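Working notes for the structure below.
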Amino acid sequence: MPPVFAHGRLRLYLLKLLDEAPRHGYEVIRLLEERFQGLYAPSAGTVYPRLAKLEAEGLVTHATEGGRKVYSITDAGRAELADRGGELADLELEIRDSVSELAAEIRDDVRGAAGDLRREMRAAASASATQVEDESWKAAKEDLRKARQEWKEQARRAKDESRRAREEAQQARRQAKEAQERAREEVQRIAGQLQEQFAKSGGVLGSLAGAWLGGGTQTTAPAGAEPRTAADGAAAAAADGDWAADLAPTGDPARDLDRLLDRFRDEVRDAARDRGVTAAQVAEARRHLEAASGRLGTTFGASQ
């Protein structure tokens with residue numbers, strides 16, 4: 001029997017099922033059996049270890065309800081599902097092909113069984129050509145009729161499932177393509193807005209984060225120099241490459257910029273929430289932000 005899922009594809013399909021709704025392990029097994037019209041049903045030894053591995057990777061989580069573990073997809077799981085939208089569409093096609101292959105194997109088995117039965121019937125007829133047809137002969141013909149009917153039903157179900165899988169795969173491809181286009185347009189829009197805002201004034205983005213995270217406190221400055229704030233220390237750390245060093249480059253500059261801005265926004269919000277914010281700090285923040293946007297606007301302008 002050919003494999004129903006290629007390597008790593010069952011993991012992706014489990015994320016798809018959990019993205020539809022939270023489910024316990026037995027429900028996942030039952031859904032997979034339904035999707036394959038009863039032609040394939042994974043064992044508990046196949047599904048539960050993969051759910052445990054997805055949970056260990058932070059892609060799913062579980063809650064206990066009525067003594068059962070109910071699994072739910074996490075934001076990280078949804079992100080992986082979105083990144084692999086095209087692969088998911090291919091998986092739908094693979095499932096359709098797997099259903100077709102399973103149906104073909106069943107059809108061949110039925111044909112083989114029918115052929116054996118016919119040969120047995122001919123042999124019996126040759127041995128008893130002069131005997132009146134008895135109940136065993138009638139039973140053999142009934143078995144053959146039932147076998148043919150079962151084959152026709154299985155072939156019909158396989159054909160219907162193949163058609164549904166093809167339609168779902170086409171829809172998934174369209175949705176994945178539309179999602180990619182929307183994401184690309186959103187990144188371009190945000191980048192354009194940042195570039196427009198950064199062109200209005202000068203500064204260093206790290207100064208704003210430092211001013212909020214440090215509570216606007218000043219550090220000691222040399223005699224005759226302007227007082228330095230914690231913002232200046234943060235800006236210096238950013239210049240040395242320490243700030244957000246844990247965010248490894250993805251190979252997509254627009255996405256890397258987006259992640260840095262998210263980190264910056266989260267740190268500022270956390271600092272404001274933990275320490276509170278005053279009108280004076282808001283005014284100071286505005287000044288730092290104007291300076292930061294101008295400096296980065298100059299950076300982006302120089303790179304064009």
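Details
- Those lysines that a straight Cα-Cα span of less than 22 Å connects to K177, excepting residues fewer than 8 apart in one chain: K16
- Whole-number D in µm²/s for region 264-304 (Stokes-Einstein; Kirkwood sum over Cα pairs; 37 °C, 0.692 mPa s): 282
- Length added when fully stretched, R84-R189, from 0.36 nm per residue minus Cα-Cα: 35.5 nm
- Sequence-ordered 3J(HN,Hα) estimates for region 152-163 from the Karplus curve with 6.51, -1.76 and 1.60 and θ = phi - 60° stand at 4, 5, 5, 5, 5, 5, 5, 5, 5, 5, 4, 5 Hz, glycine and proline given as x.
- From most to least packed by mean Cβ count within 10 Å, the peptides 245-253, 32-40, 66-74, 173-181 give 32-40, 66-74, 173-181, 245-253.
- Modelled FRET efficiency - R0 35 Å, D266 with L31, Cβ distances, 0.05 increments: 0.45
- The calculated FRET efficiency for the pair E57 and R163, based on their C-beta separation and a Förster distance of 30 Å, comes to about 0.30.
Taken together, the values in this text are just the output of simple stated rules run on the coordinates, not laboratory data. As the structure is a computational prediction, the values presented were derived from the model and not from experiment. So basically every Cβ, Gly included, is an ideal-geometry build from the backbone, and we count neighbours across all protein chains shown.
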